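The values are calculated or read from the model by the stated rules, or taken from the named source; none is laboratory data. All of these numbers come straight from a predicted model, not from anything done at the bench. Note that we place each Cβ from the backbone using ideal geometry, even for glycine, and neighbour counts take in every protein chain shown. In case anyone asks, the SASA skips ligands and DNA or RNA and just uses the protein heavy atoms, side chains included. Shrake-Rupley method; radii C 1.70, N 1.55, O 1.52, S 1.80 Å.
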Amino acid sequence: MAHSIALVDDDRNILTSVSMALEAEGFGVQTYTDGETALRALTTRPVDLAVLDIKMPRMDGMEVLQKLRQSSRTPVIFLTSKDDEVDELLGLRMGADDYIRKPFSQRLLIERIRALLRRAEAEAEAAAGKGGGGAIARGDLILDSDRHMVTWKGEPVQLTVTEFLIVKALAQRPGHVKNRDQLMDAAYGENIYVDDRTIDSHIKRIRKKFRKVDGEFDRIETLYGVGYRYKEQ
């Protein structure tokens, strides 16, 4: 069965060209020109992945993502304008899995989509008991790959797939430093490039989520110019 992709952008030229490219690669594509219509459709007809423009009429991509994350972990890629650095960072902090700046290469977008879908499928297989992976316990932290569940001091922490994979990569080897390239590979797969700022933004959001549960959470350390590590107790 073809993967279903929701493409949401008020630029009809982008909708036409990108949907044609995706369909040529075997994807099923649903297109929408505003966020409000897209959200209503995604709530009743879920897709495997959504590509959202940030600036749209009636409801922007940020609000669509915020409402979507209340009930769904559907992978989301944001399309942003070249100079929208603030929007990119905010989108990642709100739970987007990736972003691509306009103008963009259709081939790059397709590769990012494939990478996110592979990850989502691996998580789904693990949850169904096909892939396994078990649980990792590191003091107050428990990561259960089979159920895609994270708890800190017994309290659940809601992470996106990308965030989960970053925490897992760090927690698997406490005390060992992971540079940004290693975390990119863990979260996105090899041969998929995202810039350093993307990983930094994910780390900030991960810390924020843990600190909602425990205001003194400090297990993820930054080693400036080197990378990150999960601090041993």
### Task
Run down 24, 50, 38 and say which single residue is open to solvent by 80 Å² or more (accessible area, probe 1.4 Å) and modelled with pLDDT of 90 or more.
24
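Condition check ((1) modelled with pLDDT of 90 or more; (2) open to solvent by 20 Å² or more (accessible area, probe 1.4 Å); (3) of a type in the set (Val, Ile, Thr)) across all residues:
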{"site": "80", "(1), (2), (3)": "no, no, yes"}
{"site": "87", "(1), (2), (3)": "no, yes, no"}
{"site": "90", "(1), (2), (3)": "no, yes, no"}
{"site": "97", "(1), (2), (3)": "no, no, no"}
{"site": "105", "(1), (2), (3)": "no, yes, no"}
{"site": "126", "(1), (2), (3)": "no, no, no"}
### Message
List pairs: first residue in region 143-160 and among the basic types (Lys, Arg), second residue surrounded by 14 or more Cβ atoms within 10 Å (Cβ to Cβ) anywhere in the structure, Cβ distance under 7 angstrom, at least six positions apart or on different chains.
### Response
147/127; 153/140; 153/213; 153/214
### The one condition in (1) surrounded by fewer than 17 Cβ atoms within 10 Å (Cβ to Cβ); (2) within 21 Å of residue 217 (Cβ to Cβ); (3) at pLDDT 80 or above that residue 135 fails to fulfil
(3)
